[in-house]
């Protein structure tokens, strides 16, 4: 038996399931019983293992890095791209872009598939939502790249639902690093029309504490 998510984001463990564990949340929400029902006709051993695999996949899918989500969202922000255009080819120019009360919305809708002996026997649709409300963000743009990032207070709210059942939801302030190292920087101009071709990935931001 194998269980696999259809599509998965890259990604701070513990936030969405704060105060409980994934196994308990799946049982309390009734999702674990849904999995067992979908495997009617299989042995108890197979059904128990299927629930464990759904637990494992749920843990992986909800292992999100809020800092990475923030960086990804900012890279498409109009003001930052405009600053990148002004600094590209100008080695002595650095621009600071300040954003006040910026919000990042993230939603992911993967599908967990349970396969037994080569046959798909269960499908579970998940809806993962996360909203990050940032009090302040200061971005340094240099040579067409996001070169540094400073973050203020961040309030987060998120939820996980599987097959329409709420498995977890949580809201609190999360502790983000005040300064995010970005290595050589992240290109903000992604096409020749913007003035720069895509380049290799920059250093991954650190995991925050939750």
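Quick rundown of the values:
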quantity: Failed item in (1) surrounded by fewer than 16 Cβ atoms within 10 Å (Cβ to Cβ); (2) within 30 Å of residue 161 (Cβ to Cβ), with residue 93 passing the rest; calculated: (2)
quantity: Meets criteria (modelled with pLDDT of 50 or more and closer than 17 Å to residue 69 by Cα) for residue 206; calculated: no
quantity: For residue 144: the one exception among (1) crowded, with 17+ Cβ neighbours inside 10 Å; (2) under 30 Å from residue 29 (Cα atoms); calculated: (2)
quantity: Selected residue (criterion: modelled with the lowest pLDDT) from residues of segment 81-93 that are out of contact with any strand residue (DSSP E or B) (no Cβ under 8 Å at 6 or more places or on another chain) and part of a loop (DSSP other than H, G, I, E, B); calculated: 91
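The values are calculated or read from the model by the stated rules, or taken from the named source; none is laboratory data. Because the structure is predicted, anything quoted here is derived from the model rather than measured. All Cβ positions, glycine included, derive from the backbone under ideal geometry; neighbour counts span all protein chains shown.
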